[in-house]
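Just so you know, all these numbers are worked out from the coordinates, no wet-lab data involved. Quantities reported herein were computed from a predicted structural model and do not represent experimental measurements. Backbone-built Cβ (ideal geometry, glycine too); neighbour counts: all protein chains shown.
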Amino acid sequence: MRLLIDDADMGEIRRLYDLYPIDGVTTNPSILAKTGRNPYEVLKEIRGFIGKEADLHVQAIARDAEGMVKDAYAIVQALGEATFVKIPCIPQGFKAMKLLKKDGIRTTGTAVYTPMQAYLAAKSGASYAAPYINRIDDMGYDGIHVAKEIQDIFEVNKLDTMVLAASFKNSQQVLELCKYGVGGVTAAPAVMDKFVNNAAITAAVDVFVKDFEKLAGEGVSMAEL
Ligand code: G3P
């Protein structure tokens, strides 16, 4: 399962890349707006940091298929071929996905709230479909269940498209999909910080260190012995 950061803050991206096995970065227009900076300037900085092979997902803004295709060309030209163009799963979006598939530009079907949207994105040639787990929960449905249904639909229909689940509020939701074998998840820094967040874990490590220090002296680790 690919693990991506859903954010555009370079400080957070650097911090999380330093700690965790991260495969790339996803952004959306709202995330970019939070930076208050020129979007291409931010995205080029992210690309420069993560490297030209890493996954970077960037959303097209136009509302019609022709405009989405133009956005896609501009995005890939500026940010490289390893960039997935996020296309909203609306009727014009499916048309854009079909056109971009023919041109060899990879897309991520985004704003997915229903399995039918994901199915159509896959049939239209998208590499990923991104169900919004928490936003689906907030509508009174079960976001994890929807993501699992989409995974099942892809498997049953032998579609190559992968689930890239997004919009999480806690680490348990991420783990649920990890167990189910989806293609990827993208999580905000605040959610990633909860992946390993348990007083019992910290306490166990503290006891190991303190016991060792009784033997070797305070602040002494294996490297100093
Ligand atoms: O990029 C779409 C998704 O990540 C949105 O997440 O947290 O704004 O619901 P959120």
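Size of the dipole of the chain about the Cα centre, Lys and Arg at +1 and Asp and Glu at -1 on the beta carbon, nothing else charged, in debye to 20? In total the dipole reaches around 860 debye. Working note: Debye formula, equal point scatterers on the alpha-carbon atoms of the chain, no solvent; log10 I(q)/I(0) at q = 0.17 Å⁻¹ is -1.18. Computed on the chain, with alpha-carbon pairs under 8 angstrom and 6+ residues apart, the relative contact order is 16 percent. Descending by average beta-carbon neighbour count within 10 Å, the peptides 202-214, 99-111 line up as 99-111, 202-214, the highest first.
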